[in-house]
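Enquirer: Handing you this structure, nothing more for now.
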Amino acid sequence: MRILISPAKKMRVDTDSFAPETLPAFLPETQRLLAALQSRTAKELQRLWKRNDAITALNFRRLETMDLRRQLTPALLSYEGIQYQYMAPGVFDRDQLAYVQEHLRILSGFYGLLRPFDGVTPYRLEMAASLSVDGHKDLYAFWGDKLARILAGETDLVVNLASKEYSRAVIPHLPPSVRLLTCTFGEQKGDKVVEKGTMCKMARGQMVRWMAEHDVQSAEALTAFSDLGYRFSPAHSQPDHYVFLKEEP
């Protein structure tokens, strides 16, 4: 089993809690992306990032001094978004850390596919960014089937907890031999299941934590997840799509 999650925009440096164990698998590709970003002017990067002057200036300075091999933070501790706050990897015990190291993979526009203890540095590059590199029109074309091939070589089950922006870099390229299971966290509104962004991020992070706490090894075991008021809904689910509905208070 491999669990896919998205990165977070906000990142931090933490060289004290845990030391990185490995470098990212696609570091040569990341080096090419870095060179492409460094060749852009600040104005061009602001249009690419679609961010205000302050965030643009911060990330432009990062690019000027970026070192992909030194002063690195384990990927699992580097991202600071809501999903990671609810996962709370900083308080995982040894067995839970071992679980996520084996099963969890983080998708990244800049690094491709990250293991939890791959060393990373703060960057700004979302998967949907319109960055043309090496003749590829965007990052989806740049990464192609590389990420899916790595996953297919590791597992026959992918649990997709990533956003559509990021899972799109993998799902079209997975071979039929790999079962893809996507999880949705929503609320019943009439005949529809409606997802709310913040709640989805909370639930995805909480599910990763729950899986690590319970040493989940099968897709079917996920149906027991019942945190944050969500319950598995057999009526709304399919073998390749599990739906968890938030109960009315």
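Enquirer: By how many nm would the segment from Ala128 to Ala88 lengthen if fully extended, with 0.36 nm per residue of separation less the alpha-carbon distance?
Expert: Details: separation 40, 0.36 × 40 = 14.40 nm, distance 2.65 nm.
Contour length minus Cα-Cα distance gives 11.7 nm.
Enquirer: Would you mind pulling out the separation of the Cα centroids of the stretch 134-168 and the stretch 56-124, in Å?
Expert: With the stretch 134-168 and the stretch 56-124 each reduced to a Cα centre, they are spaced 17 Å.
Enquirer: Would you look at the GNM of the chain, springs on alpha carbons closer than 10 Å, and say which of Phe110, Phe232, Phe18 moves the most?
Expert: Among Phe110, Phe232, Phe18, the largest GNM mean-square fluctuation belongs to Phe18.
Enquirer: Tell me, in nm to one decimal, what length is gained between Val13 and Ala235 on full extension, where the rule is 0.36 nm per residue of separation less the Cα-Cα distance? Mind showing how you got there, number by number?
Expert: Numbers: separation 222, 0.36 × 222 = 79.92 nm, distance 4.38 nm.
Fully extending the segment from Val13 to Ala235 adds 75.5 nm.
Enquirer: Give the peptides 59-72, 216-229 in descending order of average Cβ contacts within 10 Å, highest first. Could you put the intermediate results ahead of the total?
Expert: Details: 59-72: 13.0, 216-229: 14.8.
Ranked from most to least packed, the peptides come out as 216-229, 59-72.
Enquirer: Peptides 94-105, 117-128: what's the order by average Cβ count within 10 Å, highest mean first? It would help to have the intermediate numbers written out before the result.
Expert: On the way: 94-105: 17.7, 117-128: 20.9.
Highest-to-lowest ranking by the protection proxy: 117-128, 94-105.
Enquirer: Same structure, new question: Report the gain in length on full extension from Lys196 to Lys50: 0.36 nm times residue separation, minus Cα-Cα distance, nm rounded to one decimal.
Expert: Values: separation 146, 0.36 × 146 = 52.56 nm, distance 2.28 nm.
Stretched fully, the Lys196-Lys50 segment lengthens by 50.3 nm.
Enquirer: How do Lys10, Lys201 rank when sorted from fewest to most other Cβ atoms within 10 Å of their own Cβ? Spell out each step's value before the answer.
Expert: On the way: Lys10 13, Lys201 22.
With the sparsest Cβ surroundings first, the list reads Lys10, Lys201.
Enquirer: Quick one: Debye curve from the alpha-carbon atoms of the chain only, equal weights, vacuum; give me log10 I(q)/I(0) at q = 0.11 Å⁻¹ to two decimals.
Expert: Once normalised to I(0) and log-transformed, intensities are -0.60.
Enquirer: Within a 10 angstrom radius of the beta carbon, how do Val178, Val13, Val159 rank from fewest other beta carbons to most? Please list the in-between numbers first.
Expert: On the way: Val178 18, Val13 13, Val159 25.
In order of increasing Cβ crowding within 10 Å: Val13, Val178, Val159.
Enquirer: If packing is taken as the average count of other Cβ atoms within 10 Å, what order do 181-187, 192-198, 144-150 fall into, highest mean first? Mind showing how you got there, number by number?
Expert: Values: 181-187: 19.9, 192-198: 11.1, 144-150: 16.9.
Answer by packing, highest mean first, reads 181-187, 144-150, 192-198.
Enquirer: Right, here's the next one. What is the helix-to-structure angle for 27-38, meaning the angle in degrees between its Cα long axis and the longest Cα principal axis of the chain, kept from 0 to 90 and rounded to the nearest 10?
Expert: Approximately 60 degrees, to the nearest 10.
Enquirer: Once both axes come from the Cα atoms, what is the angle between helix 197-214 and the longest principal axis of the chain, in degrees from 0 to 90, rounded to 10?
Expert: Computed tilt is about 70 degrees.
Enquirer: Separate question: Which of Pro24, Pro176, Pro116 ends up with the largest GNM mean-square fluctuation for the chain, with Cα atoms connected below 10 Å?
Expert: Between Pro24, Pro176, Pro116, it is Pro176 that shows the largest mean-square fluctuation.
Enquirer: While we're looking at this one, here's another question. Taking H placed 1.01 Å from N in the peptide plane, check which residues at least 5 places from His241 or on another chain put their amide H under 5 Å from its amide H.
Expert: Those lying under 5 Å, H to H, from His241 are Thr182.
Enquirer: Calculate the spin-label point distance for Gln217 paired with Glu21, positioning each point 7 Å from the Cα along the beta-carbon direction, and give it in nanometres.
Expert: 1.8 nm
Enquirer: Given the options Asp156, Asp138, Asp93, state which has the largest fluctuation in a GNM of the chain using a 10 Å cut-off (strictly under) for Cα springs.
Expert: Most flexible of the set in this elastic network: Asp93.
Enquirer: Given an 8 Å cut-off on Cα distances and at least 6 residues of separation, report the relative contact order of the chain as a percent. Don't skip to the end; give the middle numbers.
Expert: Values: 427 pairs, mean separation 58.7, N = 249.
24 percent.
Enquirer: Just to confirm the number: angle between the C-alpha axis of helix 94-103 and the first principal axis of the chain, 0 to 90 degrees, nearest 10?
Expert: So the helix axis and the longest Cα principal axis differ by about 80 degrees.
Values quoted throughout were computed directly from the atomic coordinates according to the rules given, and no laboratory measurement underlies them. As the structure is a computational prediction, the values presented were derived from the model and not from experiment. Note: ideal-geometry Cβ built from the backbone for every residue, glycine included; neighbour counts use all protein chains shown.
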